[in-house]
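Contents: one structure, followed by commentary.
The values are calculated or read from the model by the stated rules, or taken from the named source; none is laboratory data. The model shown is predicted, which means the values in this text are computed figures rather than measured ones. For neighbour counting, all protein chains shown are included, and Cβ atoms are generated from backbone atoms with ideal geometry for every residue, glycine included. Heads up: the accessible areas ignore ligands, DNA and RNA and are worked out on the full protein's heavy atoms, side chains in. Shrake-Rupley method; radii C 1.70, N 1.55, O 1.52, S 1.80 Å.
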Amino acid sequence: MRVRRCARAVTRLAVLLALTCTLLLSPPPAQLLASGEGDEGAEDVPAVGRAWPVGSRPRVLRGWEPPATPYGRGHRGVDLAAVPGTPVRAVAAGRVSFAGRVAGKGVVSVELSGTGDPPLRTTYEPVRASARKGDAVRAGEVIGVVEPGGSHCTAPCVHWGLLRAGTYLNPLTLLPPWLLHRGPSRLLPVLGVPVPG
């Protein structure tokens with residue numbers, strides 16, 4: 001009887017471990033990654049990101065949808081769920097190239113250090129800037145807060161964009177796999193200890 005209970009516990013632990021490994025090692029959902037089609041220049045994007053713009057792994061409300069032509073329909077960035085007042089952080093180290101209003105919306109742009117010539121530039125909107133043009137920023141440093149209104153999202157969000165010169169790229173390609181995959185910490189059950197009910 002005791003051997004059977006031990007075998008069941010080991011089997012449950014093995015299944016739990018297999019599920020955990022599958023979740024951690026599986027690729028992120030397709031809408032998070034570049035499709036490979038229409039991502040011209042994506043291979044030139046180094047994974048220099050060290051922080052999400054908002055939160056630790058925000059919900060993606062709308063992913064990257066590259067336009068077929070420079071003026072075609074599409075979504076030239078990623079919309080991340082974020083309520084007004086949420087701190088907005090620089091994804092990677094760089095220098096603030098713009099902090100102001102465009103068409104009534106607060107916008108912050110950061111030229112990323114060490115990303116080639118011309119350098120990559122991230123954009124964040126709608127953001128009430130706390131950083132100023134010319135400020136050097138570190139990865140994860142707060143550059144402003146999400147401002148109410150002014151967003152094209154149906155739910156509160158921050159629009160995060162990435163450009164090299166005039167070409168829009170998928171901003172999620174800046175994030176290394178460990179940052180894309182990281183989810184919330186979870187405690188595993190302890191064998192032999194009953195689950196509280």
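Below is a table of values for the structure above.
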quantity: Residues located in region 132-175, provided they are open to solvent by less than 10 Å² (accessible area, probe 1.4 Å), more than 16 Å from PHE98 (Cα to Cα) and of a type outside the set (A, V, I, L, M); calculated: CYS157, ASN170, PRO171
quantity: Matching option when the condition is open to solvent by less than 40 Å² (accessible area, probe 1.4 Å), β-branched (Val, Ile, Thr) and out of contact with any helix residue (DSSP H, G or I) (no Cβ under 9 Å at 6 or more places or on another chain), among THR122, THR86; calculated: THR86
quantity: Close pairs (7 angstrom Cβ cut-off, 6 or more residues apart or separate chains): over 11 Å from LYS105 (Cβ atoms) in region 122-137, aromatic (Phe, Trp, Tyr) and open to solvent by 20 Å² or more (accessible area, probe 1.4 Å) anywhere; calculated: LYS133/PHE98
quantity: Residues satisfying the stated conditions in region 64-81, i.e. open to solvent by less than 30 Å² (accessible area, probe 1.4 Å) and touching a Ser or Thr at 6+ places or on another chain (Cβ under 9 Å); calculated: TRP64, GLY77, ASP79
quantity: Near pairs, Cβ below 6 angstrom, 6+ apart or cross-chain, from region 67-87 (in a loop (DSSP other than H, G, I, E, B)) to any residue that is open to solvent by 70 Å² or more (accessible area, probe 1.4 Å) and hydroxyl-bearing (Ser, Thr, Tyr); calculated: ARG76/TYR168
